[in-house]
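Have a look at the structure below before the remarks.
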There are 2 protein chains.
Amino acid sequence: MKTLLIGFGNVGKATFKVLREKMPQIEIVAITNSKGTLINPGEIDPFSDAKIEEFPEFQHNMTGEQALKELGVDLLIETTPTNIKNAEPGLSHIRYALSHKVDVVTSNKGPLAFDFQGLKDLQRKHNTLLRYEATVAASIPIFNMVESCLPINTVYEVHGVLNGTCNYILWKMENRGGDMGVILKDAQERGIAETDPSADIDGIDAAVKLVILTNSLLNRHVRFTDVKRQGIRRITEEAFHIANQKNETIRLIGSATSETLEVAPKVIPKTSTLNVPHTMNAVTLRFDIAKELTLSGYGAGGMETANAIVNDVFRIWSSRVNNTDD
Amino acid sequence: MKTLLIGFGNVGKATFKVLREKMPQIEIVAITNSKGTLINPGEIDPFSDAKIEEFPEFQHNMTGEQALKELGVDLLIETTPTNIKNAEPGLSHIRYALSHKVDVVTSNKGPLAFDFQGLKDLQRKHNTLLRYEATVAASIPIFNMVESCLPINTVYEVHGVLNGTCNYILWKMENRGGDMGVILKDAQERGIAETDPSADIDGIDAAVKLVILTNSLLNRHVRFTDVKRQGIRRITEEAFHIANQKNETIRLIGSATSETLEVAPKVIPKTSTLNVPHTMNAVTLRFDIAKELTLSGYGAGGMETANAIVNDVFRIWSSRVNNTDD
């Protein structure tokens, strides 16, 4: 399976490493980053200090789309960063691939949140495969579990702690005390929050993930702007004191049913399975037959995301080898 | 797919109902209970007061093994009760089926705990399929998730709250206070604990499930007698007071690594993802790549168990239709 890897940040590098270790049958024919494309990366060490653009075989200015057109690949692994404005360049990469007999595995939330239905239509029309387990709560295989392990079930509700940074901040406020400003600064110093923390603490990242969950599991057609969204900026130390007296806590929860779609801070019992510590994610699904199931694990991190990507690669490889439609 | 259902208690009845609703392509050709076999059950109502032995088509004294021999079925659904002494009659049913081109789905823990390796060998030798998701933590698809959603991973540790009755008793002791005797009586009155509670509170049921998890996920060859086992009879109100002062609680945990195999009450942080309420189950798995994942849900109940069984039936049906080896 000739594979092109677009995006070579933490996730791309970890993916390269895990693919090498776990799926030697996958031939990585090129790696594209924002500067160009390295053909035949062979045995490079993804975590060495040498950048891929320093190799003599590096084709400066060969873009992802050019690499897709010229290298005749069977599989695209798309790990460029999420762009919630127009989902580019990931959206163009994925659209081109799905229309040209190239299966796709992606960790990029933008294209899925921006045009879920369009991409699903494209894969159906061209009989290509698109997998996106890594886009939501990386180490938790939500989509694949519902599809493969609970096939007789209909999902009717999703509730989740979908953003690890917010969870860390709220968990710290609960357990150490202190106001939002102090805890946010601590999270930034630890590299858990970005210098511009808006995408996390204003609930944008959680809302993007909720859109993907909702379209995928509840078969709705929703967009980012449909999400009723409130971030965690206004949560006070006092709010945690009050919650604590009732054995409750506060977490940023994304929720969707057939009618509702919301990201907001919620007061939940401390015994709730959504009350997870540190930067963990948790997702509770409700079904007609299986009733209720909660999964929790780490939602971010290069290796966790690479895990989701390579499991998806395995599923595509396995269905192509078995000649089934996955 | 011509299907024989052996066992028609709560689980068998719920399975019959869910199969009808969700998989009309499965033809249930007979139902066997301890008294005989009803051929062509057709449109019977599994939850009506009329017992199947009252139907004129009921073949008194036709055993499960006879039904398997005479009715030419493709699939056996085995839901007879767990017998931890010699695993019968389930073990004979399953052995016969797997050796005679009949795939098997079972909720019966006995045969899996008693002869896991033998049954796996039998299915390999005869190219039949055996699925047993319902045997451990019914609504949580542990085995199928590891197999289908995390295929590139190696599991190296399992920790779980595997017995809902013990969890209910310990959760009540934690939250309402009271000693073991009082809470156990309450649980018996609610139908959560049996009149003879030994299988639950002495950790026998949890140990049986741990054996299945360990053989299946850690590729070890262990037996029930290998489990270092301690039940919850000696847990005192005082123990919960002490734990509570450190923000901890007590749960009956089954644990296995490549070296260890133990069921015992453990002090865990209240923030642990294994601290689940009521009769819930929870299982934490540790992997080389995916790191850590916890699943929680209800482990018992007719509908939850039927859910696991029918999802397994779907997987077998789907792999037979696609002509893959599952």
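Data for the structure
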{"read-out": "Chain B residue with Cβ closest to the axis mapping B onto A, distance in whole Å", "value": "B:SER148, 2"}
{"read-out": "Cβ-based charge dipole, chain A, positive-most Cα from A:VAL222, A:MET145, A:VAL310", "value": "A:VAL222"}
{"read-out": "Proximal charge balance of B:ILE26 [Cβ under 13 Å; K/R count +1, D/E count -1]", "value": "+1"}
{"read-out": "Too-long pairs where the Cα-Cα distance tops 28 Å, listed order kept, from B:LYS35/B:LYS69; A:LYS228/B:LYS172; B:LYS109/B:LYS185; A:LYS270/B:LYS22; A:LYS120/B:LYS13", "value": "A:LYS228/B:LYS172; A:LYS270/B:LYS22; A:LYS120/B:LYS13"}
{"read-out": "Peptide B:18-28, shielding by other chains (average Cβ, 10 Å cutoff)", "value": "1"}
{"read-out": "Net charge contributed by nearby residues that have their C-beta within less than 14 Å of B:PHE287 (K/R +1, D/E -1)", "value": "-3"}
{"read-out": "Region B:58-130, relative contact order [Cα under 8 Å, separation at least 6], %", "value": "32"}
{"read-out": "Shielding score for B:143-149, defined as the mean number of other chain Cβ atoms within 10 Å", "value": "6"}
{"read-out": "Percentage relative contact order, region A:1-135, counting C-alpha pairs under 8 Å, at least six apart", "value": "22"}
{"read-out": "Region A:165-203 and region A:274-326: distance between their alpha carbon centers, rounded to Å", "value": "25"}
{"read-out": "For A:SER319, inter-copy label distances in nm, listed shortest first [label point 7 Å out on the Cα-Cβ vector]", "value": "1.7"}
{"read-out": "Cα gyration tensor, region A:79-149 - rounded (a/c under 1.5), prolate or oblate", "value": "oblate"}
{"read-out": "For residues of B:310-317, the mean tally of beta carbons on other chains within 10 Å", "value": "4"}
{"read-out": "Max mean-square fluctuation residue, GNM over chain A, Cα-Cα springs under 10 Å, options A:ARG176, A:ARG251, A:ARG223", "value": "A:ARG176"}
{"read-out": "Environment charge at A:THR249 (Cβ cut-off 15 Å; Lys +1, Arg +1, Asp -1, Glu -1)", "value": "+3"}
{"read-out": "Per-copy distances of the A:ARG20 label point, shortest first, in nm (7 angstrom along Cα→Cβ)", "value": "5.8"}
{"read-out": "Cα-projected label distance for A:SER92 with A:TYR156, points at 7 Å along beta-carbon direction, nm", "value": "4.5"}
{"read-out": "Shape category assigned to region B:146-228 from the gyration tensor of Cα positions, a/c cut at 1.5", "value": "prolate"}
{"read-out": "Chain B: calculated mean residue ellipticity at 222 nm from DSSP helix runs of at least 4, using -39500 (n - 2.57)", "value": "-11500 deg cm²/dmol"}
{"read-out": "Cα long-axis angle, helix A:109-126 against chain A (0 to 90 degrees, to the nearest 10)", "value": "50"}
{"read-out": "Region B:279-326, relative contact order [Cα under 8 Å, separation at least 6], %", "value": "25"}
{"read-out": "For the protein assembly as shown: rounded, prolate or oblate by the Cα gyration tensor [a/c cutoff 1.5]", "value": "oblate"}
{"read-out": "Rounded tilt (10° steps) of B:204-217 against the dominant C-alpha axis of chain B", "value": "70"}
{"read-out": "Inter-part distance where region B:232-272 and region A:113-128 are each reduced to a Cα centre, Å", "value": "48"}
{"read-out": "Distances in nm from A:LYS101 to the matching label points in the other copies, shortest first (labels 7 Å along Cα to Cβ)", "value": "3.9"}
{"read-out": "Cα-based helix-to-principal-axis angle, A:90-99 vs chain A, degrees rounded to 10", "value": "50"}
{"read-out": "Sequence ranges A:201-209, A:282-290, ranked by mean other-Cβ count within 10 angstrom, highest first", "value": "A:201-209, A:282-290"}
{"read-out": "Packing-based order for A:297-310, A:93-106, using average beta carbon neighbours within 10 Å, highest first", "value": "A:297-310, A:93-106"}
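Quick note: the coordinates plus some simple rules give every number you see, no bench work behind them. Note that the coordinates shown come from a computational prediction; the quantities given were computed from them, not determined experimentally. Virtual Cβ from ideal backbone geometry, glycine too; neighbours counted across all protein chains shown.
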